[in-house]
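Some notes on the structure that comes next.
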Amino acid sequence: MELHERPRANGCGGARGALRNGFVRGPPGTQINHIVHNGGLYKRPFNEAFEETPMLVAVLTYVGYGVLTLFGYLRDFMRQWKIEKCQNATEREEQKDFVPLYQDFENFYNRNLYMRIRDSWNRPICSVPGAKVDMMERVSHDYNWTFTYTGRVIKDIINMGSYNYLGFAQKTGACQEAAAKVLSQYGAGVCSTRQEMGNLDKHEELEKLVARFLGVESAMAYGMGFATNSMNIPALVGKGCLILSDELNHASLVLGARLSGATIRIFKHNNMQSLEKLLKDAIVHGQPRTRRPWKKILILYLYLDEAHSIGALGPSGRGVVDYFGLDPEDVDVMMGTFTKSFGAAGGYIGGKKELIDYLRTYSHSAAYATSMSPPVVEQIITSVKCIMGEDGTTIGRARVQQLAENTRYFRRRLKEMGFIIYGNEDSPVVPLMLYMPAKIGAFGREMLKRNIGVVVVGFPATPIIESRARFCLSAAHTKEMLDTALKEINEVGDLLQLKYSRRRLVPLLDRPFDETTYEETED
Amino acid sequence: MAAMAGVGQQWVLVEMVQAFYEAPAYHLILEGILILWIIRLLFSKTYKLQERSDLTLKEKEELIEEWQPEPLVPPVPKDHPALNYNIVSGPPTHIITVNGKECINFASFNFLGLLNNEKVKSAAQSSLKKYGVGTCGPRGFYGTFDVHLELEERLAKFMRTEEAIIYSYGFATIASAIPAYSKRGDINPRKARVTRRFIVVEGLYMNRGDICPLPELIKLKYKYKVRIFLEESLSFGVLGQHGRGITEHFGINIDDIDLISANMENSLASIGGFCCGRSFIIDHQRLSGQGYCFSASLPPLLAAAAIEALNIMEDNPDIFQTLRAKCERIHKALQGISGLKVVGESFSPALHLQLEESCGSRENDVKLLKRVVDYCMNSGIALTQARYLEKEEKCLPPPSIRVVITVEQTEQELDKAASLLKEAAQSVLN
């Protein structure tokens, strides 16, 4: 059974003819590719789908962007000739003859496209970012150039945008109480680096706990997830090394890879054959031009970034390693963040003791950056203990299960309605394709009118015609909330004509969640 | 049909032969040479192809088997000074418990003593009760809280600039700010006319404790048309009459500086950093500052703590004067210790004590200084050596002991520290 490559987004599926949707299905134990581990391969079906963009939609999207660009030029022209008032900030008079700080084109997109739908982002909230959130109302009288706050607060918006997978963003409860106690004892800041005077006993406790949770020998925690990647990859690899990086890796990984000075080669997203081919070439031919063998190849030393998956995937919430039933000792460097599933802030790296000792000595963060704030550390400690079940309750386990249930339900219902949804069936991040630029803004606004907060993303975070709405499910969402949300999404989908999918799923009977089976059959 | 084709072919052949006989001699020779050349090229090409793919499949497999990567990390010797951290039990405030021993804290950058301040803590507590701990998202996606907006406004007002932007990690502040304005091509001499030029300076240098000559830099700026980025992590909340930093200290118009960046982890006793300046410059970072767009926002309790700290700074402008007086006092008291020299300005709250004469290697210097530090710690003064990543620094400063002055230290404690350091230097270095 072949692993289907992701279809091209331009809608031209000529050669492949009738096979448009990349569904991958296989009975358990299917020999899909060459990763040999634990005697088997994937122990469970790997259901990922990336439905192709319908041709008409792609064409219309390009037309839409074309029209916007034309209008953009027109408006710029009018602004230059002072027919229209120029609203954005300008350089100081004294410095007008300095080399300009920004290139004009960088700002073209910003001025003419982003500005029109700017109100979909940076929405200020004023309550805990749980399943329901309160938002400050803001209006703009000059088409989003400036905002004013009316002072009213929109209450109880269903929050489908915050990364709150296990529902630990709470203002009451065991975690918050523990954090409050630590805050009154230790204060909010630390004022020193780890290597100097900033290594508190709380940090040591946290690191031991994280190592136990992940099943690795040792771990080290940092104050910011982004910085964990961008500062530690340069410590591990340097010139003369090779990094094989997935096409769609996060900005922090890309930055870390660039800063390290190693050679970077990119393989297609999730495509194992592309990766293997690159590996073979690299080993056989060595470094370009000099043909010397590579010192280290950073994917053979597997660096796994679990920023979103830790806590959210796997039967006991231990991330993607747990989800596939693999051994954490096989991953050389396990990285993750505490921001998403644990309701705190910061990142960690786990691995063998030599690795962590090396990082303690040579990492930028350890030497130059202030250590984590104590109440934040306490929040992580309490939430990890809760997930592991060590606090004496089953709340953690219940939440992990609730999240998996919510994910399956939500995805299935959306597919039934006819939307194009990307991604794996078990992933709590649900992208719903919008494609056209005007629909990005419209979707965000219409959902807010109906009291649901969603996240929409467009270019440059996604390819230009693949703009989407992204729902982040949480264990704190109850079934009622999901149903309300689904109803509203259905309405808006009809209003904006978002139901692009050509392939309708036969609706299944609602089955109660059964822990032991992870496959769903489709007839 | 086939017969017709056959006849047709034959006819073409006859034509060809006829043309052959009728062509002039030079034409034939030229053609002949060309044909020979083509044949030669064909053969030599296959020869080259053979060279490139000279590794058979089996050989490739062997190479793959044999290839051994370097170990992921080289082993670190067990007694490396940076490996064994001091463990602090309890809060790192004025009286600190290090490795089980209670000491007076001369090592944390808690300049204004706000780490243990009750008002700051209670502001953080009420924020914790309202918002929980984390923000669960970046600024663009429901991670913007009203406390963030308030903090940005307050910082901009305090520094008297148009706008401010906050980051959730002090280190990331300047690390995201600079790349947002310069690209890789900016060092290219061919494009010298369109490269943007920047001077990046620190207000108070952490590694040397001295101050940057800002008025001269401003003159240079207008002469050579460069922009100035000022990093004020140590000088924010320390220099200047109201704590506004080095611009207030020198009395310079703040609009002359293009960007001021500082972290809130020293004077404000919180976590995170901020940049402030004109809207023209700061707004750009909201879309292209990597540490801002792609990272979760600052936990609200830390933002609330910073706001409260700012309130205290604004309400008590005389603490800056007090701090400066203490710095002067200890600076004077530490002069004349045999074996150690003081590096840093007299009003800088972070001084360095370096060895007057090095023993030859950096490692031995570090060991010697460690003995001084240990002596002091055993007698109740907590100090630390300044830590660097030796491979990464361009001009690595010599090893030194860092002495930090805070407003909470009393005069007796300052005197005690000075005399203890004298004693330690005597016993260890002589």
Relative contact order [Cα under 8 Å, 6+ residues apart], segment A:174-393, whole percent: 33
Unsatisfied cross-links (Cα-Cα over 19 Å) in the set A:K479/B:K130; B:K326/B:K367; A:K202/A:K385; B:K341/B:K422; B:K119/B:K326: A:K479/B:K130; B:K326/B:K367; B:K119/B:K326
Whole-percent pair-distance distribution, where bins are 10 Å wide, for the alpha carbons of segment B:318-429: 14, 47, 30, 9, 0
Net charge, B:I319 excluded, C-beta distance under 13 Å - Lys, Arg +1, Asp, Glu -1: -2
Packing-based exposure ordering (other Cβ within 10 Å, fewest first) of B:I319, A:I83, B:I87, B:I260: A:I83, B:I87, B:I319, B:I260
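I need the shape label for chain B. Rule: rounded when a/c is under 1.5, else prolate if a/b > b/c, else oblate, with a, b, c from the alpha carbon gyration tensor. Could you put the intermediate results ahead of the total?
Details: a/c = 2.77, a/b = 2.15, b/c = 1.29.
It is prolate, given that a/c is not under 1.5 and a/b is the larger ratio.
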Given charges at Cβ of Lys, Arg, Asp, Glu: chain B dipole, positive-most of B:H284, B:G272, B:Q412: B:H284
Two-site FRET efficiency, B:Y224 against B:K394, from Cβ-Cβ distance with R₀ of 25 Å, rounded to 0.05: 0.65
Between segment A:145-179 and segment A:362-435, the Cα center-to-center distance that results, in Å: 16
Length-normalised contact order of chain B in % [C-alpha pairs under 8 Å, at least 6 apart]: 19
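Please arrange A:V128, A:V429 by how many other C-beta atoms lie within 10 Å of their C-beta, fewest to most.
Neighbour counts put them in this order, fewest first: A:V429, A:V128.
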Net charge over other residues, Cβ less than 9 angstrom from the Cβ of B:I228 (K, R count +1; D, E count -1): 0
Cα-based shape type of segment B:118-317, given that a ≥ b ≥ c are square roots of the gyration tensor eigenvalues and the cut on a/c is 1.5: oblate
Net charge over other residues, Cβ less than 12 angstrom from the Cβ of B:Y131 (K, R count +1; D, E count -1): +1
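In chain B, once you exclude exposed trypsin sites (Lys or Arg not before Pro) (DSSP loop, at most 15 other Cβ within 10 angstrom), what's the longest stretch remaining?
Maximal segment without exposed cleavage sites: B:226-390.
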Cα gyration tensor category, rounded, prolate or oblate, for segment A:193-236 with a/c compared to 1.5: oblate
Helix axis angle, B:279-288 relative to chain B longest principal axis, alpha carbon, degrees: 60
Loop trypsin sites (Lys or Arg not before Pro), segment A:187-244 (other Cβ atoms within 10 Å of the site Cβ: 16 or fewer; DSSP): A:K239
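Grab the DSSP H runs of chain B that are 4 residues or longer, score each as -39,500 (n - 2.57), total them, divide by all residues and round the 222 nm result to the nearest 500 deg cm²/dmol.
Details: 14 runs with 197 residues, N = 430.
After summing the helix terms and dividing by the residues of chain B, the value is -15000 deg cm²/dmol.
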Normalised contact order of segment B:318-429, rounded percent, pairs of Cα under 8 Å and 6 or more residues apart: 34
Of A:K181/B:K416; A:K181/B:K391; A:K352/B:K394; A:K208/A:K340, those spanning more than 29 Å from alpha-carbon to alpha-carbon: A:K181/B:K416; A:K181/B:K391; A:K352/B:K394
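We did not get these values from a lab; they are worked out from the coordinates using the rules stated. Owing to the predicted nature of the structure, the values given are computational and were not obtained by experimental measurement. Cβ sites come from the backbone with ideal geometry, for glycine too, and all protein chains shown count toward neighbours.
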